[in-house]
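The values are calculated or read from the model by the stated rules, or taken from the named source; none is laboratory data. None of these values were measured; they are calculated from a predicted model. Every residue, glycine as well, gets a Cβ built from its backbone with ideal geometry; the counts of neighbours run over all protein chains shown.
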Amino acid sequence: MVSVDAQGAEWLFYDDGEALHPGSSLRYQGVRFSLPDDSIRAPLLQVAFFYATGNAFCPVKIHITDHTHSVHLADRIPYDAVNGWNYLDLSLMGISVPHNYYVIVENKKCGFLMLDDHDVSDRSFKGNYLKSMTTRLSHDLLIRSEIGDIWDMPVRFRWNVSGSELIILKQSGSPPQKIMREIGENWTLYAENSFVSHGKLYGTWKQKKQKFQVSLDFEEVRAHLMGSLAADFGREVADVIVTKILFSGKIADDGTIKGSLKIFAKISFFDSTNLAKVTVEKQFIGIPASSEESVETSGHSW
């Protein structure tokens, strides 16, 4: 949800505002936020969270991270949480956030973060460590973030991308199923190293000399696979767990890129109790397109 105030700042939140259930006892709990529409980056002005305690205050730490929930976008922020809503003004800290980011509260256990009563939560996570925050909570955490005006980020490259995609599904008791097809899509790299594919997969680009790697958001990839695998195999998907993503290649002096994207995941179907494994492998080449060029896509993209 988005709430816009008189100055144009926007509150992002996914909870219903009712603090009805105590959160987890695990040390780290947080919410994965996404900027509105196709936004690439924005300033983070404020965060808020609902806390329940019988003490005068409880010491906690606030972590602002990228989509990996382990790379910090700012220094850890110590804070004395009180009972009820807590608001932290971050406007003078110069923090900016990419399209997908986390606001995480490290709890010292003299109180609780609170959950709403939503039946399904796909934005709230918990873990004993930042890197282990892959388990969803049963409801939505009451954690919110306020952003300022969206930044207009300059484009570094746009590519027309073509190649092939191989999908292999393996499930006990059944022969492997394979799908092979051509791909055609466009990708964009922004000057501050944000990456976005034609299918609205956002990530971060890292480059050393001519070699590059792209870090994609596991939760975003999961959401895409939930829909695409159901269509590909004609079966209703119950859940997908992305276990590994390898996305790398080389960039030539003229901006042409060549490489591969490999996704490994576990998948469960409603029509079977056997867990399946799926691998998706793309071999690609990308030709730079001018910023004025209308990039046409053909074949499959996601």
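Below are the figures for this structure:
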quantity: Condition met for Met114 (of a type outside the set (Val, Ile, Thr) and part of a strand (DSSP E or B)); calculated: yes
quantity: Flag if Ala42 is under 22 Å from the mean Cα position of the chain (by Cα) and at pLDDT 95 or above; calculated: yes
quantity: Residue in the range 112-123 that is of a type in the set (Lys, Arg) and surrounded by fewer than 19 Cβ atoms within 10 Å (Cβ to Cβ) present; calculated: no
quantity: Filter result for Val103 (in contact (Cβ under 8 Å) with a residue 12 or more places away in the chain and more than 18 Å from the chain's Cα centre (by Cα)); calculated: no
quantity: Test result for Leu26, surrounded by 15 or more Cβ atoms within 10 Å (Cβ to Cβ), among the aliphatic types (A, V, I, L, M) and not in a strand (DSSP E or B); calculated: yes
quantity: Pairs where the first residue, in the range 65-80, is farther than 14 Å from Gly203 by Cα and the second is in a strand (DSSP E or B) and among the charged types (D, E, K, R), C-beta under 8 Å, 6+ apart; calculated: Arg76/Lys61; Arg76/Glu106; Ile77/Lys61; Pro78/Lys61; Tyr79/Lys61
quantity: Failed criterion for His69 (all others in (1) surrounded by 15 or more Cβ atoms within 10 Å (Cβ to Cβ); (2) at negative phi hold); calculated: (2)
